Each structure stands twice: as structure tokens, then as C-alpha cells.
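Asks: My questions will all concern the structure given below.
The values are calculated or read from the model by the stated rules, or taken from the named source; none is laboratory data. For clarity, every value in this text was computed on a predicted model and none was experimentally measured. In this analysis, Cβ positions are derived from the backbone assuming ideal geometry, glycine residues included, and neighbour counts consider all displayed protein chains. The accessibility values were calculated without ligands, DNA or RNA, using every heavy atom of the protein model including side chains. Shrake-Rupley method; radii C 1.70, N 1.55, O 1.52, S 1.80 Å.
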Amino acid sequence: MDGVSPQLRSFHHSEFPPERVRAERDGTISVCVPARECAETIVPIVETLVALREQGAIDQVTVVDAASADGTADLAGRAGAEVHQQAALLPDQGPVLGKGDAMWRALTVLTGDVICFLDGDSERFGPHFACGLAGAVACEPGVRFAKASYRRPFRVGEAELPEGGGRVNELAARPLLRLFFPDLAGVRQPLAGEIAARRDLLERLPFATGYAVEIAMLIDAYRAAALEGLAQVDLDVRQNRHQPLSALAPMADAVLRAVAVRVEREERLAGVVLDAPVERLE
């Protein structure tokens with residue numbers, strides 16, 4: 001209807017079981033897991049993804065390792081993943097500047113029409129992480145970029161609270177989106193590391209380095225594909241290691257800077273001197 005604002009498309013992972021993804025997907029699917037010191041979690045993640053590959057739901061399982069000292073790369077390779085050291089990808093570009101840079105370099109070895117990035121430290125991983133996100137892009141007409149949403153429990157020792165994880169997400173990222181990019185206010189986890197996108201879209205986007213990559217990519221995908229091209233997929237629950245409070249300030253700083261740089265580029269922010277973060281672009 002004329003005059004009605006577009007809404008962010010939302011799905012539940014159960015809408016994309018492996019059987020549907022295998023039967024209906026439009027294009028090949030690569031799943032990439034950037035990993036740093038993930039020995040405790042990488043094996044079940046890779047084994048789950050390899051099983052999906054054997055079922056024909058996805059085509060490529062890749063781990064890009066950040067020179068982990070705990071044997072992450074070895075474990076991933078023995079579990080069946082294709083493993084690359086991030087520093088060996090595009091070495092002429094100099095030192096790897098964090099996760100976003102590693103993701104950008106990974107495009108050189110990922111072959112799929114649909115690229116799905118998943119975090120390597122998820123403790124409650126299941127096939128729905130890959131099928132839910134990649135399935136939304138590969139099976140749903142018009143979806144070019146899909147972002148994970150989930151509940152984030154907060155664990156303190158042996159005690160676990162049902163909510164409370166994702167503190168930078170709730171206290172920095174979501175308020176910034178509500179203020180400057182209100183179309184994205186419905187994105188529940190703008191800092192989620194789990195995304196899927198059409199390869200041709202990713203090749204047009206800059207990849208922010210460091211902690212800024214997730215929110216920067218979301219905003220840039222929104223500008224490139226419009227709200228109609230975006231979706232979020234509910235994965236139910238995600239549990240990972242919590243960062244100490246002292247480590248959250250640099251994350252919040254990076255998120256704020258990434259948003260501010262984009263608002264400034266759109267000439268909606270004046271009088272603030274910003275040092276733009278390094279971004280990679282094909």
C-alpha cells in the first residue's frame with residue numbers, strides 16, 4: 001500500500017531446515033568461520049557444518065585462523081574444514097587488522113554465491129546457524145543480506161541469567177541505530193557476528209576492521225540493498241564467552257566511531273573531527 005514504510009523481514013530458523021535449503025537454494029553456499037583461540041568450541045562447529053556439506057545443504061566449510069596458539073587450526077582441519085591462516089591471505093595488504101580484515105581477505109578463497117560468516121566461539125551451535133542464515137538469502141526472493149538475532153544469556157560462574165549478554169549491543173549499538181538509522185531499529189542483534197549475504201553484495205561493501213565490522217556492514221548493506229533486501233533470522237539462543245567490562249569500552253568506541261563516520265559521510269553530522277577507521281574494499 002502507498003505510504004506504508006517497508007518493514008524488516010524476519011524469519012525463524014525453523015523455516016530453513018537443511019532439506020529445504022538443499023532443494024530450493026539459488027546458488028552455491030560457502031560457510032566461513034573466522035577463529036581466534038577457539039579450541040574449546042571449533043570441533044563441534046566444524047563437525048556440524050561438515051555434516052551439512054555431506055547432506056548437500058552447503059558446499060564449502062572454511063576456517064580462517066588468526067594464528068591461534070591453542071591448536072584451533074589443527075583441530076578444525078582434522079574435523080574436516082578447509083583451513084587458512086589469515087596472514088597468508090593477501091599478504092601484500094600488510095598485517096591483518098582484526099576480524100573484519102580477515103573476513104575481507106577470506107573472500108579470496110570462498111567460492112559460494114552466498115557467503116555465510118559464523119563465529120567460532122559459539123557454545124550452543126547447531127545446523128540452524130548456517131541453514132537459517134544462508135537459507136534466508138539462498139531461498140527467499142529479494143533477500144540479499146541476513147543477520148542473526150537471538151537471546152543472549154549472561155553467565156556468572158555456574159549461574160546463568162536468561163538475559164544480560166550483549167551489553168555493548170544494548171547500550172551502544174541499538175540506541176545509535178534508533179537515533180541515526182531508525183529503519184534498522186528492529187534489528188535485535190546489530191553486533192551479531194553471524195551473517196549471510198550474496199557474494200556480489202559483499203564485494204561492493206567496505207569491510208571495517210576491528211570491532212566495527214558488524215555494525216558497519218549492516219549499515220552499508222542497508223544503504224546498498226535497501227531495507228527490503230535485508231532480513232534477520234531468529235536462532236533462538238547464542239552463548240559465548242563474556243568479555244570483562246574493561247574490554248567493552250574499546251568495543252563501544254569502535255561501534256560509535258563506525259556509526260558516526262557513516263552519518264558524517266551522509267552530511268548529517270557536523271563539527272566533529274573523526275579519524276576514520278581503516279576499511280578494506282575490493
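Asks: Being out of contact with any Asp or Glu (no Cβ under 9 Å at 6 or more places or on another chain), open to solvent by 40 Å² or more (accessible area, probe 1.4 Å) and assigned to a helix (DSSP H, G or I) is the filter here; which residues of the stretch 102-131 pass it?
Replies: Answer for the stretch 102-131, where residues must be out of contact with any Asp or Glu (no Cβ under 9 Å at 6 or more places or on another chain), open to solvent by 40 Å² or more (accessible area, probe 1.4 Å) and assigned to a helix (DSSP H, G or I): just PRO127.
Asks: When the residues of the stretch 136-176 are filtered to those that are open to solvent by 40 Å² or more (accessible area, probe 1.4 Å) and among the basic types (Lys, Arg), which remaining residue is modelled with the highest pLDDT?
Replies: Across the stretch 136-176, the extreme among qualifying residues is ARG144.
Here is a yes/no grid of residues against (1) in contact with a Cys (Cβ under 7 Å, 6 or more places away or on another chain); (2) of a type in the set (Asp, Glu); (3) at pLDDT below 95; (4) farther than 27 Å from VAL213 by Cα:
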| position | (1), (2), (3), (4) |
| --- | --- |
| ILE45 | no, no, no, no |
| ASP59 | no, yes, no, no |
| ALA69 | no, no, no, no |
| THR72 | yes, no, no, no |
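Asks: Let me ask something additional. Tell me, which residue of the stretch 36-61 that is more than 16 Å from ARG78 (Cα to Cα) and in contact (Cβ under 8 Å) with a residue 60 or more places away in the chain is surrounded by the fewest Cβ atoms within 10 Å (Cβ to Cβ)?
Replies: So the residue we want is ARG36.
Asks: Within the stretch 137-155, can one find any residue that is touching a Phe, Trp or Tyr at 6+ places or on another chain (Cβ under 6 Å) and in a loop (DSSP other than H, G, I, E, B)? Show your work before the answer.
Replies: Of the stretch 137-155, the ones touching a Phe, Trp or Tyr at 6+ places or on another chain (Cβ under 6 Å) are none.
No, every residue in the stretch 137-155 fails to be touching a Phe, Trp or Tyr at 6+ places or on another chain (Cβ under 6 Å) and in a loop (DSSP other than H, G, I, E, B).
Asks: Here is a further query. Suppose we filter ASP65, ASP74 for residues that are free of Cβ contacts under 8 Å to residues at least 60 places away in the same chain and open to solvent by 20 Å² or more (accessible area, probe 1.4 Å); which single one remains?
Replies: Working: ASP65 fails: open to solvent by 20 Å² or more (accessible area, probe 1.4 Å).
Result of the check over ASP65, ASP74: ASP74.
Asks: Among what's in the stretch 186-216 and is basic (Lys, Arg) and not in a strand (DSSP E or B), pick the residue that is farthest from the chain's Cα centre (by Cα).
Replies: Residue satisfying both the conditions and the ranking: ARG204.
Asks: While we're looking at this one, here's another question. Restrict the check to the stretch 81-98 and report whether at least one residue is within 21 Å of HIS128 (Cα to Cα) and not acidic (Asp, Glu).
Replies: Applying the first criterion (within 21 Å of HIS128 (Cα to Cα)) to the stretch 81-98 yields 81-82.
Still in the running and not acidic (Asp, Glu): 81.
There is at least one residue in the stretch 81-98 that is within 21 Å of HIS128 (Cα to Cα) and not acidic (Asp, Glu).
Asks: With the requirement that a residue be in contact with a Ser or Thr (Cβ under 9 Å, 6 or more places away or on another chain) and open to solvent by 10 Å² or more (accessible area, probe 1.4 Å), what does the stretch 15-35 give you?
Replies: Going through the stretch 15-35, the residues in contact with a Ser or Thr (Cβ under 9 Å, 6 or more places away or on another chain) turn out to be 28, 30-33, 35.
If the condition is that a residue be in contact with a Ser or Thr (Cβ under 9 Å, 6 or more places away or on another chain) and open to solvent by 10 Å² or more (accessible area, probe 1.4 Å), then THR28 is the only one that fits.
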